[in-house]
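Enquirer: Shown below is the structure under consideration.
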Amino acid sequence: MAEKKHTLSVLVENTPGALARIAGLFSGRGFNIDSLCVAETLDPTLSHLTLVTRGDELIIEQIIKQLRRLIDVYKVVDVTEEEEFVEREMALIKVRAEKETRAEVLRMCDIFRCKVVDVSPRTYTIEVTGPQSKLQAVIELLKPIGIKEIVRTGLIAMKREKKSV
């Protein structure tokens, strides 16, 4: 079986130690977390956790079963197994913006619908949001100009609702 990326959507109790127990489950069994993003839901007693990991079907099945056994976990869904889902990530990219490269950086921002969120005499800080492929494309195009720093949120995902016919 081939190893592939899986995005898990986990509804968890918003209590101290809940995230540590989930991370401990992964580290204790030698599984890696590629990306992790957690935030409160509309209900302040619950948090939504989006976790990206890799593995074959048996490993992912084992991870999901073990997550469901944790006392803090209410629901686990492998959104990559759903028919349709939406995923996004956000990055802040600090890029060199000398006099000769500023117009080029702004042109790329326009093409990729990025926002310049901070300006200094020698840098622009750009906010880019979208699927991971979009972020990677922006990063690759900005590398020759000179990326000074990148901070990424990690992936968030949710399954799409069925469209009525």
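Enquirer: Please work out how much accessible surface residue 140 shows to a 1.4 Å probe, ignoring ligands, DNA and RNA, in Å² rounded to 10.
Expert: 90 Å²
Enquirer: With charges set only on the Cβ (+1 for Lys and Arg, -1 for Asp and Glu), what does the dipole of the chain come to about its Cα centre, in debye to the nearest 20?
Expert: Numbers: 26 positive and 25 negative charges, 80 e Å.
Result for the chain is approximately 380 debye, rounded to the nearest 20.
Enquirer: Could you let me know the centre-to-centre spacing of region 125-158 and region 2-68, using Cα atoms, in angstrom?
Expert: Computed from Cα coordinates, the inter-centre distance equals 23 Å.
Enquirer: How far is it, in nm, from the label point at residue 136 to the one at residue 2 when both lie 7 Å from their Cα along the line to the Cβ?
Expert: The two pseudo-label positions are separated by 1.4 nm.
Enquirer: Additional query: Which three lengths, in whole Å and largest first, does region 88-159 cover when its Cα atoms are put on their principal axes?
Expert: On the principal axes, region 88-159 reaches 44, 19, 18 Å in Cα extent.
Enquirer: Next question, about the same structure. By the scheme Lys and Arg +1, Asp and Glu -1, what is the net charge of all other residues having a beta-carbon under 12 Å from that of residue 26?
Expert: +2
Enquirer: Next question. Helix 18-28 versus the longest principal axis of the chain: what is the Cα-based angle in degrees, 0 to 90, to the nearest 10?
Expert: Long axis of 18-28 versus the principal axis of the chain: about 90 degrees.
Enquirer: Also, I was wondering about something else. Would you mind calculating the relative contact order of the chain from Cα pairs under 8 angstrom and at least 6 residues apart, reporting the percent as a whole number?
Expert: Here the relative contact order equals 27 percent.
Enquirer: While we're on this one: Return the ratio Rg/(2.2 N^0.38 Å) for region 4-78, where Rg is computed over Cα atoms only.
Expert: So the Cα radius of gyration is 1.02 times the expected 2.2 N^0.38 Å.
Enquirer: Okay, next question. Once the other residues with Cβ under 15 Å from the Cβ of residue 63 are scored (Lys, Arg +1; Asp, Glu -1), what is the net sum?
Expert: Net charge in that neighbourhood comes out at +2.
Enquirer: Next question. Around residue 98, what is the net charge, scoring Lys/Arg as +1 and Asp/Glu as -1 over all other residues with Cβ under 14 Å from its Cβ?
Expert: For residues surrounding residue 98, the net value is +4.
Enquirer: How far, in nm, would the chain grow between residue 41 and residue 113 when pulled straight, counting 0.36 nm per residue and subtracting the alpha carbon separation?
Expert: 23.2 nm
Enquirer: Right, here's the next one. Can you give me the angle between helix 57-69 and the longest principal axis of the chain, using Cα atoms only, in degrees from 0 to 90, rounded to the nearest 10?
Expert: It is inclined by approximately 70 degrees.
Enquirer: Okay, helix-only estimate at 222 nm for the chain: each DSSP H run of n ≥ 4 adds -39500 (n - 2.57), divide by all residues, round to 500 deg cm²/dmol; what do you get?
Expert: Details: 4 runs with 45 residues, N = 165.
Helix-only estimate at 222 nm: -8500 deg cm²/dmol.
Enquirer: Can you give me the % of accessible surface on the chain that is carbon or sulfur? Probe 1.4 Å, all protein chains present, nothing else counted.
Expert: 53 percent
Enquirer: For each pair in 65/163; 115/148; 94/134; 5/65; 5/134; 75/159, compute the distance between the two Cα atoms and list the pairs where it is over 21 Å.
Expert: Correct reply: 65/163.
Enquirer: Now for a different question. Answer with one residue from 133, 101, 120: the one whose Cα lies farthest towards the positive end of the charge dipole of region 87-165, charges on Cβ with Lys, Arg +1 and Asp, Glu -1.
Expert: 133
Enquirer: Taking Cβ-Cβ under 4.7 Å as the only way to count a partner, pick out the unpartnered cysteines of the chain.
Expert: 37
Enquirer: From the square roots a ≥ b ≥ c of the eigenvalues of the alpha-carbon gyration tensor of the chain, which class results: rounded (a/c under 1.5), prolate (a/b over b/c), or oblate? Walk me through the numbers before you get to the answer.
Expert: Details: a/c = 2.14, a/b = 2.03, b/c = 1.05.
Verdict is prolate for the chain.
Enquirer: Let me ask something else about it. Could you give the length gained on full extension between residue 148 and residue 163, defined as 0.36 nm per residue of separation minus the Cα-Cα distance, in nm?
Expert: 1.1 nm
The values are calculated or read from the model by the stated rules, or taken from the named source; none is laboratory data. Here the structure is a predicted model, which is why all the values come from computation and not from measurement. Because the Cβ atoms are built from the backbone with ideal geometry, glycine has one as well, and the counts that use them run over all protein chains shown. Side chains included, ligands, DNA and RNA excluded: accessible areas come from the protein's heavy atoms. Shrake-Rupley method; radii C 1.70, N 1.55, O 1.52, S 1.80 Å.
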